1. Counting only heavy atoms of the protein chains, get the accessible area per residue of region 67-196 (1.4 Å probe) and round it to a whole Å² value.
2. Any chance you could list P(r) for the chain, counting all Cα-Cα pairs in 10 angstrom bins from zero, rounded to whole %?
3. Provide the net charge surrounding Asp185, with neighbours chosen by a C-beta distance below 14 Å and charges set as Lys +1, Arg +1, Asp -1, Glu -1.
4. How large is Rg/Rh for region 9-116, to two decimals, with Cα atoms and a Kirkwood Rh?
5. With labels modelled as points extended 7 Å from the Cα through the Cβ direction, what inter-label distance (nm, one decimal) is found for Ala67 paired with Leu18?
6. Which of the helices in the chain meet the span-like rule: DSSP H, Cα axial reach of 15 Å or more, Kyte-Doolittle mean at least -1.0?
7. Keeping the other protein chains in place, figure out the carbon and sulfur percent of the accessible area of region 24-153, with a 1.4 Å probe.
8. Whenever you get a sec, line up Asp158, Asp123, Asp22 from highest to lowest accessible area (probe 1.4 Å, protein heavy atoms).
Amino acid sequence: APLVAFAGISKTYGNGTLALDDVSFSIAGGVIHAICGENGAGKSTLMKILFGLEQPSSGAVLLDGKAVAITSPRVAAGQGIGMVHQHFSLVPSLSVTENIVLGQEPRRGAFIDRAAARQRVVDLAQRYNLLVDPDAVVRTLSVAAQQKVEILKALSRDVRVLILDEPTAVLTPPETDELFERLRDLRAAGLTILFISHKLREVRALASHVTVLRAGRLVGDAPLDAIEDDA
Ligand code: ADP
Ligand code: ADP
């Protein structure tokens, strides 16, 4: 069974907007898979459903072939699904280490070995070549560095699927190139990368599979070498 399958997903928001209309496709494990489409196509809604931030009005999400009710981000995290938001979820006044490991400890710092927490961040950063100063206060970091912290935060929770919502929107071209190198490394390390983009050039540079949404409907789903240049 594929790692992730969307089976007949529809989503109508409370105000009547039909954001997704009977969308079905699957994502193989260990690939970089792009979700492409114009603004309003339903890309974010679909990823929010996978991450437990929204519930489908109908249809199911299958993980390893089994329907899973992803009712909250906590459930998603328990299934190994992590998300890098377009607007980061970091606390600006806290350090990199505090954002990555301390905030998720059950006892909020009371009995935590801070040196060990810092070392975990250093190890994680080295393993994935996402180098950041573990002691820097997040507010003082560049946007690109904050994005690395956001990715490390997801990796610190044993993700197998990493969702990135328009990750290049805030980056310069060299920063984009570096992010793509890191995402290729993560894929090589066995992760599945799901990446939202509306730029076909980026999709072609990074992804091996692409799903195209338009106005809430699936209009294309293929390995990338099947997509024509003028698509
Ligand atoms: P994309 O990520 O492709 O830009 P979205 O999933 O954000 O698309 O939006 C799909 C449609 O759903 C759009 O028409 C958008 O305005 C609408 N929409 C998104 N979120 C909400 C919401 N919370 N409430 C109502 N409508 C929403
Ligand atoms: P992101 O791109 O980080 O997912 P958005 O700017 O798309 O964030 O959305 C911010 C919040 O506003 C989300 O909770 C989303 O559900 C909501 N939202 C987005 N579009 C609409 C809409 N058309 N109507 C109502 N709420 C919306």
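The values are calculated or read from the model by the stated rules, or taken from the named source; none is laboratory data. Source: prediction; values computed, not measured. Because the Cβ atoms are built from the backbone with ideal geometry, glycine has one as well, and the counts that use them run over all protein chains shown. SASA here: full protein model, heavy atoms, side chains in, ligands and nucleic acids out. Shrake-Rupley method; radii C 1.70, N 1.55, O 1.52, S 1.80 Å.
1. Numbers: 6320 Å² over 130 residues.
Averaged over the residues of region 67-196, the accessible area is 49 Å².
2. 8, 32, 35, 20, 5, 0
3. Details: positive: Arg127, Lys148, Arg182, Arg184, Arg187; negative: Asp177, Glu178, Glu181.
Result for the local shell: +2.
4. Details: Rg = 17.1 Å, Rh = 16.3 Å.
Radius of gyration relative to Kirkwood radius: 1.05.
5. 2.2 nm
6. On the way: long enough: 114-127 (20 Å, -0.65); 143-155 (18 Å, 0.58); 173-188 (22 Å, -1.18).
The qualifying helices are 114-127, 143-155.
7. On the way: 3160 of 6250 Å².
The value for region 24-153 is 51 percent carbon and sulfur by accessible area.
8. Details: Asp158 130, Asp123 75, Asp22 95 Å².
The ordering from most to least exposed comes out as Asp158, Asp22, Asp123.
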